[in-house]
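Read-outs throughout are calculated quantities, based only on the coordinates presented, and are distinct from any laboratory measurement. Note that the structure is a prediction, hence the values are computed from the model and not measured. Virtual Cβ from ideal backbone geometry, glycine too; neighbours counted across all protein chains shown.
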Amino acid sequence: MTYKKIFFDLDGTLSDSKEGIMKSLYYAIDKMGLEKPTEAFLQSFVGPLLWDSFINKLGLSEKDAATMIGYFRERFIPLGIYENTLYEGVKPLLQRLDQKKDIEIYIATAKPETSALTVLDYFKIKPYFKKIKGATFDGRIRTKSQVITSLLDVIEPVDKKEILMIGDRDHDVIGAHENGIDCLGVLYGYGSSAELEVVAVDHLVKNVSELSSFLLGD
């Protein structure tokens, strides 16, 4: 493997956070007095920026989208964030990567950075990551591309051919390519092969076992 710096997405890549996100979305929809959408429709909100989904998929104004995000956080921060599980095999993979002297691993998530830190602490995996970058509440860093840029700004300079982004949705691929780095898509998360292939993902794996083999040469 030629990749020496690995940027991991969080939701849908390291952990299955769907339960907490979905329950918090339904809570926010109820508080807004909106018609309850189907579960299949709402599941498309898991992964992409909620702000964009609220505006583009629900047709909310920016003001109403901000209000709905507030309601979402009202339930998600104290409760939903913990309705979350690591995918099987993830922790052993991180432990093995941590033992590799020529590999460094990082977090690059569009989730608010404070929430990402809470999740990593909850699963007791934060020490494996050299740096953690996420979105900021002030909107300065919002998209996956901006998150990756902010991470590249603080790591030791390296040939971008040695950096790999790992994620499950199209915005992971787009963000990586906008920053000149490769992206590996995982198919056990919330995206699909069609979604990832249409944005020219560089590599695809079906499960954590295949991911381990790709990264460690098993």
Problem set entry | Difference of contour (0.36 nm per residue) and Cα-Cα distance, E197 to Q99 | 32.1 nm
For this session: For helix 62-76, report the angle its Cα long axis makes with the longest principal axis of the Cα atoms of the chain; keep it between 0 and 90° and round to the nearest 10°.
Result: 70 degrees
For this session: Calculate I(q)/I(0) for segment 18-82 by the Debye formula, one identical point scatterer on each C-alpha and no solvent, and give its log10 at q = 0.16, 0.19, 0.21, 0.29 Å⁻¹ to two decimals.
Result: -0.44, -0.63, -0.79, -1.55
For this session: Any of K101/K144; K31/K111; K5/K160; K31/K63; K23/K111 with alpha carbons more than 19 Å apart? Name them for me.
Result: K101/K144; K31/K111
For this session: Rank-order 58-68, 171-181 by packing density, defined as the average count of other C-beta atoms within 10 Å over each peptide's residues, highest first.
Result: 171-181, 58-68
For this session: Treating the angle as unsigned and between 0 and 90°, give the value, to the nearest 10°, between the Cα long axis of helix 113-122 and the longest Cα principal axis of the chain.
Result: 70 degrees
Seminar exercise, completed: Scoring the chain by relative contact order with C-alpha pairs under 8 Å, at least six apart, yields a percentage of 25 percent
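Sort 49-55, 10-16 for me by packing, meaning the mean count of neighbouring Cβ atoms within 10 Å per residue, highest on top. Walk me through the numbers on the way to the answer.
On the way: 49-55: 19.0, 10-16: 23.6.
Order by mean packing, descending: 10-16, 49-55.
Given a Förster distance of 22 angstrom, what is the FRET efficiency for L79 paired with L34, based on the Cβ-Cβ distance and rounded to 0.05?
Details: r = 21 Å, r/R0 = 0.94.
Efficiency at R0 = 22 Å is approximately 0.60.
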For this session: Compute the long axis of helix 18-32 from its Cα atoms, compare it with the longest principal axis of the Cα atoms of the chain, and write down the angle in degrees, 0 to 90, nearest 10.
Result: 20 degrees
